[in-house]
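For reference, the structure is listed below as C-alpha cells.
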Amino acid sequence: MARELTYIAALNEALHQSFAADPSVIMVGENIRGVKRSETAGLDGAFGADRVIDMPISEPAFTGFATGAALSGGRPIVEFQVSSLIFVAFDQLVNQAAKLPLMLGGQRHLPVTYLIMGAGAGGGRAGQHSDNPYPFLMHAGIKTVIPSTPKDAKGLMIAAIREDDPVALFAPAGLLRREGEVPEEPYATPLGEGVVRRAGDQITVVASGNLVRKAIEVAETVAADGISVEVWDPVSLLPLDKAGLAETVAKTGRLVVFDDSNRTCGFAAEVSSLVAERCFHDLKAPIKRITRADVTTPFSNPIEYASLPGRERLEAAVRALLA
Amino acid sequence: MPPSTTPDLPDAETQIGWYQRMRLLRRFEQNAVELVDEGDIIGIVHEYVGEEAIAVGACAALTEHDVITSTHRGHGHILAKGGDPARMYAELLGRETGYNKGRGGSMHIADLDLGIFGANGIVGAGAPMGLGAAHMFKLRGEPHVAVPFFGDGAMNQGVLLESFNLAVIMELPVIFVCENNGYAITTPIGEMTRGELFERAAAFGLAAEAVDGMDVRAVYRAAAAAVARARAGGGPSFLECRAYRYSLHNVAKGVPREDDRPAAEQADWRGRDAIERLAGELTEEGLWPDGARAEIDDEVDAEIEGAIGFARNSRRPDPDSVLDHMYAVTYPGLPAAGWE
Ligand SMILES: Cc1ncc(C[n+]2csc(CCOP(=O)(O)OP(=O)(O)O)c2C)c(N)n1
Ligand SMILES: [Mg+2]
C-alpha cells in the first residue's frame, strides 16, 4: 500500500530532502530548532545551526536577512509562525523582496520561500491569528501556492524552494494533521497548474487549501439529488492556471468561487472578474462568490463560524444556481 | 569598546585616490542637480555633497567582494565602492544602459557584481540584507564583510534596531555605518532621539564609536580597524560618522530651494570641508606634487562629461519591455497585463 503521511510530515520531508540536495538552502524562523513534531523537526540536527537558524522575534529583520542571503547565493526559507505575522514584515516582503528583481533590472534572482504556517481560522483564535492573507501577497506580485493535500504540500514545498523567485506557501491550519499518500522520492509539483479534484458537468466550484475537502463534501451531498459539481483546485494562485479555469467553466457553464479570504479585492473577486472577462459567453448563470465576510474574524464560536465560508452556504449557492 | 589597534594610513598614491574619488562624488552630484534642472532627470535626487569622506573612507577599507547596502542618498556609496559614473547617470536618465536598465532610478541603483546591493527608498530597510550576505560569507568560510550605510533618522527604525541585535547574537562580519548629518529632512536628530547614537548601538553589544565624518583619514582608520576585526571573526561594529549635508534634503525640478537651517551652522560645517581638508594635508605633508590637484580635477570633470554623454546617447527602454525582470521564471499570464 502507498505510504501515508500527515501534511506536516510531508512538509518536513520536503525540507529534509531540499536541505540534503542543495547546500545553499538555509532556513530562518522562530523556534524552528529542537522541535520534535513540527515541520522543521530534525532539521537542525541533520544540517546544523548555521543553516537552520533560530531567529529572535524580529520578522522584519529576518525577512530582510533572507533577501540578502538570496542575493548572495543562498536559497533561504523564511518561516512565519502564524499567518498574520507577515504584516509585521510587510515592508521587507512588499517593498523589498517583491520589488527588487525588477528594480535591479534582472541583475540577480531572488530565490526565497516564505512558509506561512497555520493559515486560516482554526477555531477560537480571534482576529490576529485567523487570517488567510494571501491576496495581499498576490497583489504585491509574490507567487503564492496553497497545497490542499499532503502530496502537494511536499511537491510544492520543493518546487517553491527550487523556484528562482520569491514564493509564498500557505499551509492551512485545518490541514496540518490530515493524512494522505505521499511518494518518498523528491518531486516538484509545478506552479501554475490547477487540478480537477472531482469531476462534474453542471457547476464548477473553485476551492483551494482547506476548502477543497469541504467543496468535495458538498458535491457528494448534492450528487444525491442529481446535481453534478466539478471541484477545481487552482493549487497555485499566482501564477494561476487561467486556461484550466476557462476549461472547467466552459464545460459546466456555472461558477461558484469558494474562498477563505476576504470578499473585497479577494481571490474570489479576481477569479470572478477573469471568468467574466474571458468566459462570459460560456456562462449560463451569474457567478457566485462564497467568501469570508469583510469583518475581523470574531472570537466566539457562533460569530466566528458565521464570518467564514462554510459548507451550508456553498450548498445553498450550488442548489440556487440550478433551481 | 573602540578598536584596539589603529591601522596605518596607506601610501600617498592611495590617499590621492581618495581625493580623486571624493571629488568625483561631489562633481557627480553637482552635475546631477543640473540634469534635474534641465529636465534630463525626472524625479528627485538626494545629494551626498558634504558627506563624501564617509563613503570614501569606509569603502577604502573594502574589496569588491564585500557587500554594502545603501540609502535614498546613495550615489556617493555606489561611486565610492567603485560604481561606474556612466552607468549611474544612464540609470538616473532612465536609460536601458543604466545599472538597473532604467527600472530603478536614483533610489535603487545597484551593482551586484561590485557587492552594491543597492540604494534603497525605505529608511533603514537595507541593513538586514547586509546581514544575510554576511551570514552567507560566514557559511562559506569567506573572509568578506557587509557594510550597511544609513542616516541618523534610521536610528529610530525598528528593522535597523532588530538588525543590530541580530548581528550581535549571530556574531556576523558587519560594520554598521551611521551617517549622522544632524537632520532627517527638517527634523534635528536631537529632537527625536535621546543620548548619543553610538551609545545606543553599544548597548546592543556592538563595538561602537563616533568618528569625525569630515575627515576621510579618520573614517578610514576606524573602518579599517572594524573591518579587520570582522574579517578575523571578531564580530560586528558600529561607526557613527558625524558630517553635514551641504544641500537640501533633495532636489526636484521646479521645487523651490530654501534651506531653513541656521546660516552659521551651515558655514561652520562648510569650513570643515573634507575635500579641502585632505587636499591641505596632502600638500602640507608633501604627498602630491604642485599641479596634481588641478590635473585630477580636470580628469574628474572630463570623466563626468563623458559619463553624461554616454547616458544621453543611450536609448530609453522599449515600452514592450514593461513586464521584463519582474520574475526570473514567468508563466502564461504572469505577470498579468492585459486580457490574458
Ligand atoms: C521608513 C521611511 N519613512 C519615511 C521615509 C521618507 N524619508 C525619506 S528620507 C527621510 C529622512 C531620512 O533621514 P536620515 O536617515 O537622517 O538620512 P539623510 O536624509 O539625512 O541622509 C525620510 C523621512 C522613508 N523613505 N522611509
Ligand atoms: Mg540625516
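The values are calculated or read from the model by the stated rules, or taken from the named source; none is laboratory data. Just so you know, these numbers come straight off a predicted model, no measurement behind them. Quick reminder, even Gly has a Cβ in these numbers, built from the backbone with ideal geometry, and neighbours come from all protein chains shown. Only protein heavy atoms, including side chains, enter the accessible area calculation; ligands, DNA and RNA are left aside. Shrake-Rupley method; radii C 1.70, N 1.55, O 1.52, S 1.80 Å.
Cα convex hull of region A:170-275: how many Å³ per residue?
Dividing the Cα hull volume of region A:170-275 by its residues yields 119 Å³.
Over all residues in B:304-313, what is the mean tally of Cβ atoms on other chains that come within 10 Å of each residue's Cβ?
Other-chain Cβ atoms within 10 Å of each residue's Cβ, averaged: 0.
Rounded to the nearest 10 Å², what accessible area does A:C279 show when all protein chains are kept and the probe is 1.4 Å?
About 10 Å², ignoring ligands and nucleic acids.
Say the dipole of region A:1-142 comes from +1 at the beta carbon of Lys and Arg and -1 at that of Asp and Glu; which of A:L43, A:I77, A:G122 then lies farthest toward its positive end?
My answer, from the dipole projection, is A:I77.
Gap in Å between the Cα centre of region B:231-299 and the Cα centre of region B:128-146?
30 Å
State the Cα centre-to-centre distance between region A:1-47 and region A:216-265 in whole Å.
32 Å
Roughly how many percent of the accessible protein surface of region A:1-136 is carbon and sulfur, given a 1.4 Å probe and a whole-percent answer?
Accessible surface attributable to carbon and sulfur in region A:1-136 totals 54 percent.
To the nearest 20 Debye, how big is the dipole of the protein assembly as shown about its Cα centre, given +1 on the beta carbon of each Lys and Arg and -1 on that of each Asp and Glu?
So the magnitude is around 2440 debye.
Scale the Cα Rg of region A:89-191 by the rule-of-thumb value 2.2 N^0.38 Å and send over the ratio, two decimals.
For region A:89-191, the normalised Cα radius of gyration comes out at 1.16.
Per-residue accessible area for B:V67 at 1.4 Å probe radius, Å² rounded to 10?
Near enough 10 Å² of accessible area.
Assuming 0.36 nm per residue, please report the length gained on full extension of the stretch B:A252 to B:A232 beyond their Cα-Cα distance.
Stretched out fully, the B:A252 to B:A232 stretch lengthens by 2.8 nm.
With +1 on each Lys and Arg Cβ and -1 on each Asp and Glu Cβ, and nothing else charged, work out how big the dipole of region B:216-328 is about its Cα centre, in Debye to the nearest 20.
The calculated dipole for region B:216-328 is roughly 660 debye.
Placing +1 on the Cβ of each Lys and Arg and -1 on the Cβ of each Asp and Glu in chain B, which of B:T69, B:L92, B:F28 has its Cα farthest towards the positive end of the resulting dipole?
B:T69
What residue among B:Q15, A:A207, B:A203 has its Cα farthest toward the positive end of the dipole of the protein assembly as shown, where the charges are +1 on Lys, Arg and -1 on Asp, Glu, each on the Cβ?
Positive-end residue among those listed: A:A207.
Give me the residues in region B:91-127 whose solvent-accessible area, probe 1.4 Å, is reduced by at least 10 Å² once all protein chains are included instead of the chain isolated.
By number: B:Y99, B:N100, B:K101, B:R103, B:H108, B:A110, B:L112, B:D113, B:F117, B:N120, B:I122, B:A125.
Using Cα pairs closer than 8 Å and at least 6 residues apart in sequence, work out the relative contact order for region A:39-92, in percent.
Here the relative contact order equals 35 percent.
Would you mind computing Rg(Cα) / (2.2 N^0.38 Å) for region A:241-323, counting N as its residues?
This ratio for region A:241-323 stands at 1.17.
Return an integer: the convex hull volume of the alpha-carbon atoms of the protein assembly as shown, in Å³ per residue.
Cα convex hull per residue, to the nearest whole number: 166 Å³.
Just the number, please: buried accessible area between A and B, total of both chains, 1.4 angstrom probe, nearest 100 square angstrom.
Using a 1.4 Å probe, the pair buries roughly 3700 Å².
Count, for each residue of B:162-174, the Cβ atoms from other chains sitting within 10 Å of its Cβ, then give me the mean as a whole number.
For peptide B:162-174, the averaged partner shielding equals 3.
With a 1.4 Å probe and all protein chains kept in place, how much accessible area does B:K138 have, in Å² rounded to the nearest 10?
Roll a 1.4 Å probe over it and B:K138 shows about 100 Å².
Counting each DSSP H run of 4 or more residues in chain B as -39500 (n - 2.57), what helix-only mean residue ellipticity at 222 nm follows after dividing by all residues, to the nearest 500 deg cm²/dmol?
Calculated from helices alone, the mean residue ellipticity at 222 nm is -12500 deg cm²/dmol.
For B:319-331, what's the mean count of beta carbons from other chains sitting within 10 Å of each residue's beta carbon?
That works out to 5 on average.
For chain A, what does -39500 (n - 2.57) per DSSP helix run (n ≥ 4), summed and divided by total residues, give at 222 nm, in deg cm²/dmol to the nearest 500?
Mean residue ellipticity, 222 nm, calculated: -10000 deg cm²/dmol.
With a 10 Å radius around each residue's Cβ, average the other Cβ atoms per peptide and rank A:43-51, A:4-12, highest first.
Ranking, from highest mean packing down: A:4-12, A:43-51.
Pairs of alpha-carbon atoms within less than 8 angstrom and 6+ residues apart define the contacts here; what relative contact order does region B:88-233 have, in percent?
17 percent
Based on Cβ point charges of +1 for Lys and Arg and -1 for Asp and Glu, what charge dipole magnitude is obtained for chain B about its Cα centre, in debye rounded to the nearest 20?
In total the dipole reaches around 960 debye.
Could you rank the peptides B:252-263, A:100-111 by their average count of other C-beta atoms within 10 Å per residue, with the highest value first?
A:100-111, B:252-263
In bins 10 Å wide, starting from 0, what share of all Cα pairs of region A:122-162 does each bin hold, as a percent?
25, 36, 36, 3
Over chain B, calculate the relative contact order: mean separation of alpha carbon pairs under 8 Å at least 6 apart, over the residue count, as a percent.
This gives 24 percent for chain B.
Can you tell me which of B:47-56, A:179-188, B:221-230, B:187-196 comes out highest on packing, and rank the rest after it, using the mean Cβ neighbours within 10 Å?
Descending packing order for the listed peptides: B:47-56, B:221-230, A:179-188, B:187-196.
Take every Cα-Cα pair in chain B and report what % of them are more than 24 Å apart.
Cα-Cα pairs in chain B separated by more than 24 Å: 56 percent.
Using the heavy atoms of the protein chains and a 1.4 angstrom probe, tell me the accessible area per residue for the protein assembly as shown in square angstrom.
Counting only protein heavy atoms, the per-residue value for the protein assembly as shown is 38 Å².
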